[in-house]
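No value in this document is a laboratory result; all are computed from the given coordinates. Remember, it's a predicted structure, so these values are computed and weren't measured experimentally. Cβ atoms come from the backbone with ideal geometry, glycine included; neighbour counts cover every protein chain shown.
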Amino acid sequence: MKNFRSQAFLRAYEIMKSTGKCFAVSLSKAWQLYRLSQEMKNKEEVCFTYEKKDGTLRKAYGTLKNVAQFVKGNGIHTPKVFNYWDLEAVAFRSFKVENFISVIR
């Protein structure tokens with residue numbers, strides 16, 4: 001990615017394309033995802049919710065801090081998907097960016 005703004009705008013475009021919502025709403029959700037990723041890089045545990053493929057809500061506890069030792073390959077980064085280390089499953093998990101709901105504080 002070029003910088004954090006381009007990452008947010010690419011995610012906003014993907015959200016707009018897949019949901020059909022206006023760009024302002026999509027951009028708001030993209031910035032929420034950016035703030036989530038920054039919080040996950042700085043904290044050991046962050047609680048958030050998203051909608052799974054089957055339609056159920058998942059309350060997840062995840063992090064992006066100190067997970068480099070668990071990376072086994074060099075997967076391609078895509079703005080359509082948000083990846084994180086799940087502390088409950090002790091594995092990497094991901095969800096579509098349009099399915100993100102909120103961060104629980």
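Report the gain in length on full extension from residue 39 to residue 24: 0.36 nm times residue separation, minus Cα-Cα distance, nm rounded to one decimal.
Length difference between fully extended and current span is 3.1 nm.
In degrees from 0 to 90, rounded to the nearest 10, what is the angle of the helix 4-19 Cα long axis to the longest principal axis of the chain?
With both axes taken from Cα atoms, the answer is about 70 degrees.
Considering only Cα-Cα distances, which of the following residue pairs are longer than 22 Å: 21/80; 53/80; 52/80; 43/80; 17/53; 21/43?
From 21/80; 53/80; 52/80; 43/80; 17/53; 21/43, over 22 Å: 43/80; 21/43.
Collect residues whose amide H, placed 1.01 Å from N in the peptide plane, falls under 5 Å from the amide H of residue 87; neighbours closer than 5 in sequence don't count.
Distant-sequence amide H within range of residue 87: 61, 62, 63.
Tell me which aspartates and glutamates have Cα within less than 13 Å of residue 59's Cα, excluding those fewer than 8 residues away on the same chain?
45, 51, 86, 88
What does the charge count around residue 87 come to, taking other residues whose C-beta lies under 9 Å from its C-beta (Lys +1, Arg +1, Asp -1, Glu -1)?
Neighbourhood net charge equals -4.
Counting Lys and Arg as +1 and Asp and Glu as -1, each charge on the Cβ, what is the dipole of region 4-104 about the Cα centre in debye, to the nearest 20?
Using Cβ point charges on Lys, Arg, Asp and Glu, region 4-104 gives about 260 debye.
Report the Cα centroid-to-centroid distance between region 3-32 and region 46-105 in angstrom, as an integer.
That distance is 18 Å.
Could you point to the residue in 4, 100, 42 farthest towards the positive end of the chain's charge dipole, with +1 and -1 charges on the Cβ of Lys/Arg and Asp/Glu respectively?
4
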